[in-house]
1. Can you find a residue that is under 20 Å from His124 (Cβ atoms), of a type in the set (S, T, N, Q), surrounded by 14 or more Cβ atoms within 10 Å (Cβ to Cβ) and modelled with pLDDT under 95 anywhere in the stretch 44-56?
2. Out of curiosity, is Ala267 touching a helix residue (DSSP H, G or I) at 6+ places or on another chain (Cβ under 9 Å), assigned to a helix (DSSP H, G or I) and open to solvent by 30 Å² or more (accessible area, probe 1.4 Å)?
3. Could you tell me whether any residue of the stretch 232-255 is modelled with pLDDT of 85 or more, among the aliphatic types (A, V, I, L, M) and open to solvent by less than 40 Å² (accessible area, probe 1.4 Å)?
4. Residues of the stretch 212-223 being out of contact with any Phe, Trp or Tyr (no Cβ under 9 Å at 6 or more places or on another chain), hydrophobic (A, V, I, L, M, F, W, C) and surrounded by 15 or more Cβ atoms within 10 Å (Cβ to Cβ), which ones?
5. Just one of Val262, Val293, Val311 is open to solvent by 30 Å² or more (accessible area, probe 1.4 Å) and more than 20 Å from the chain's Cα centre (by Cα); which is it?
Amino acid sequence: MPDLGALVQRIDTTQRRFRPAAFAFGVVKKFGDDRAGALAAELTYYGFLSIFPALLILTTVLGFVGNRSVSDSVIGTTLSRFPVIGEQIGKNVDHPLSGSGLGLAFGLVILVYGVLGSTQASQHAMAQVWNVPAKARPGFFPRLLRSALFFAVLALGVAASTLLSGLATVAGQSMAARAAGFVGAVVVNIGLYAAGFRVLTPSSVTSRTLLPGAIAGGVAYSILLSVGTALVQHQLQHSQAVYGQFAVVLGLMAWLALVAQVSLYAAELNVVLARNLWPRGLAPPLTDADRVVLRDLAHEEERIVDERVGVGFAPDPEAEAARDARRP
């Protein structure tokens with residue numbers, strides 16, 4: 001029977017020496033260290049709660065514009081971000097809010113406040129990914145301002161996507177037009193990720209540091225959006241007739257979870273690159289990157305200005321023996 005421990009050690013030694021594998025494993029392990037799976041679930045939950053209020057706001061604002069073609073174009077572009085299920089979502093927000101002007105204004109304020117809750121969760125996720133100590137995180141009002149900025153970024157993204165869709169329609173359905181449309185969508189998505197990361201990430205992190213993850217996230221999201229229709233259709237092939245709206249809800253949550261995972265992996269890629277957090281170890285001994293991550297996780301728990309958290313590590317017997325052997 002093979003020795004499992006020896007097998008793990010061989011795999012670990014190989015991945016530490018092969019830089020692409022070491023980097024990829026560093027990103028995956030950092031994702032696990034930050035409990036980013038739970039963060040993705042939180043983003044999925046708040047994203048699900050904010051979608052319908054956001055669409056209600058959008059349809060109401062466009063209703064005041066009074067141009068049906070513009071309204072259909074913008075809403076159609078927005079719903080295209082949710083493959084297959086977007087059409088079903090649209091049926092639930094087909095009519096704008098109505099009533100007295102004061103009641104409408106009050107309702108919109110409440111809806112905006114609810115939508116901004118999802119951006120609060122996004123800021124929390126970025127702070128966790130970058131291991132920002134609790135004492136250094138912004139207060140309520142700065143977070144609220146960032147939430148408004150992030151919402152504005154999303155609005156600009158919808159506008160850019162709408163313009164791109166209009167150009168693609170004018171260009172026709174040729175292969176060249178489709179390729180150009182996909183490239184344009186990738187550029188728009190990269191810009192959205194870059195702007196989103198900039199708004200949500202602590203100001204101490206430079207914008208250049210955020211660019212690799214924005215590129216990776218924008219490309220990955222564009223591919224996910226292209227193949228998302230096939231994925232969701234496969235999942236909901238027979239569910240729609242049997243479960244009705246339950247299938248739409250499950251498909252929507254699955255899609256939001258995929259997007260949240262992609263976004264957090266892109267953010268973790270930035271951290272690993274910026275702090276050289278690879279190679280990481282599958283098994284002892286700890287690497288230098290392992291020690292940096294463990295220190296950062298401990299310092300993240302500092303909650304008041306006067307609090308200091310110290311981290312120490314037991315001596316590594318193998319490293320000590322290697323140093324002794326090198327001594328004259």
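1. Yes, some residue in the stretch 44-56 is under 20 Å from His124 (Cβ atoms), of a type in the set (S, T, N, Q), surrounded by 14 or more Cβ atoms within 10 Å (Cβ to Cβ) and modelled with pLDDT under 95.
2. no
3. The answer is no; no qualifying residue exists.
4. Correct list: Val219 only.
5. Exactly one of Val262, Val293, Val311 is open to solvent by 30 Å² or more (accessible area, probe 1.4 Å) and more than 20 Å from the chain's Cα centre (by Cα), namely Val311.
The values are calculated or read from the model by the stated rules, or taken from the named source; none is laboratory data. Keep in mind the model is a prediction, meaning the values are calculated, not measured. Quick reminder, even Gly has a Cβ in these numbers, built from the backbone with ideal geometry, and neighbours come from all protein chains shown. Note: areas computed on protein heavy atoms with side chains; ligands, DNA, RNA excluded. Shrake-Rupley method; radii C 1.70, N 1.55, O 1.52, S 1.80 Å.
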